[in-house]
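Just so it is clear, none of the values below were taken in a lab; they were calculated from the coordinates. Since the structure is predicted, the reported quantities are computational estimates derived from the model, not experimental observations. Methodologically, a virtual Cβ is constructed for each residue, glycine included, from the backbone with ideal geometry; neighbour enumeration extends over all protein chains shown.
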Amino acid sequence: MDDAPDAPAPDPLAARLRAAGCVYAEEESALLRDAATGSDLEHLVARRVAGEPLEVLLGWAEVEGVRVRTAPGVFVACARRNLPPDRVHEGDLYDALPPTLLGRVDALLVNAPYVPTAHVRLMPPEARLHEPLVALDGGHDGLAVQRRVAAGASRWLAPTGVLLLETGRTQAPHTLALLRDAGLDASLHTDDDLEATVAVGRLATSGPAGGSTGY
């Protein structure tokens, strides 16, 4: 009987990343090797081990097969680098939108901060040390920005429009309550693979409010 083939030798770069807490160490090691070699690769690996986000090191993040350019100091997306200038409006939440969109928006996708101020210090170093505080800190209860989003959504949504508001597992019931208090039908969707939770709000109808589902 032939001996079983030898198992492949472990990848030392992947092992180093895994020891630093990188969940997808094999995938990350392949991406880093594609980006650099020699001393440049070592420099990138050292920065990743120190907690710098992979997307910042690579200069891009992949979204549904599309590479989106990134930069340090931004919450993983640089709109003006990736979209035509007339498609980008910068400002404080709804203040950035032109009045011509009132009641006409089909989808509001909001990645608002939802971490309570006292919990920011407990976040992973990728976020805590390398993302702007304004992108993380949701106020004393984590709901300060979400309240403003919920309160203004109905003015901007089209009759069949939808608000998608990222939240945390522990914050989810409170986020749903905010949407319902603002007159929206609300439901909750979770993705265990992505560890993502999204509250979905629609303009209220005569039917019952939505429940909790998964996808």
Could the peptides 107-114, 67-74 be put in order, highest first, of the mean number of other beta-carbon atoms found within 10 Å of their residues? 107-114, 67-74
Ranking V145, P99, H119 by how far each Cα lies towards the positive end of the charge dipole of region 70-215 (+1 on Lys and Arg Cβ, -1 on Asp and Glu Cβ), the top one is P99
Computed over region 154-201, the ratio Rg/Rh where both radii use C-alpha atoms and Rh is Kirkwood: 0.99
With G59 itself left out, Lys, Arg at +1 and Asp, Glu at -1 over residues whose Cβ is under 11 Å from its Cβ give +2
When the charge dipole of region 1-155 is computed with +1 on Lys and Arg Cβ and -1 on Asp and Glu Cβ about the Cα centre, the Cα farthest towards its positive end, among A19, G59, P132, belongs to P132
For the chain, which longest stretch is free of loop sites, where a loop site is one of the GluC sites (Glu not before Pro) that DSSP puts outside H, G, I, E and B and that has at most 16 other Cβ atoms within 10 Å? 91-194
Total formal charge among the other residues, if their Cβ is under 12 angstrom from that of A150, Lys/Arg +1 and Asp/Glu -1: +3
Computed for the chain: size of charge dipole around the Cα centre, +1 on C-beta of each Lys and Arg, -1 on C-beta of each Asp and Glu, debye to nearest 20, value 1120
Cα-Cα pairs in region 102-215 separated by more than 18 Å, as a whole percent of all pairs, come to 50
Can you run the Rg to Rh ratio on region 38-106? Use alpha carbon positions and the Kirkwood inverse-distance Rh. 1.14
Can you compute log10 of I(q)/I(0) for the chain with the Debye formula, treating each Cα as one identical point scatterer, at q = 0.07, 0.08, 0.11, 0.13 Å⁻¹? -0.30, -0.38, -0.67, -0.88
Determine the relative contact order of the chain: mean sequence separation of Cα pairs under 8 Å and six or more apart, normalised by residue count, in whole percent. 14
Which Rg and Dmax, in Å, describe the Cα atoms of region 4-85? 14.9, 59
Around V200, what is the net charge, scoring Lys/Arg as +1 and Asp/Glu as -1 over all other residues with Cβ under 14 Å from its Cβ? -2
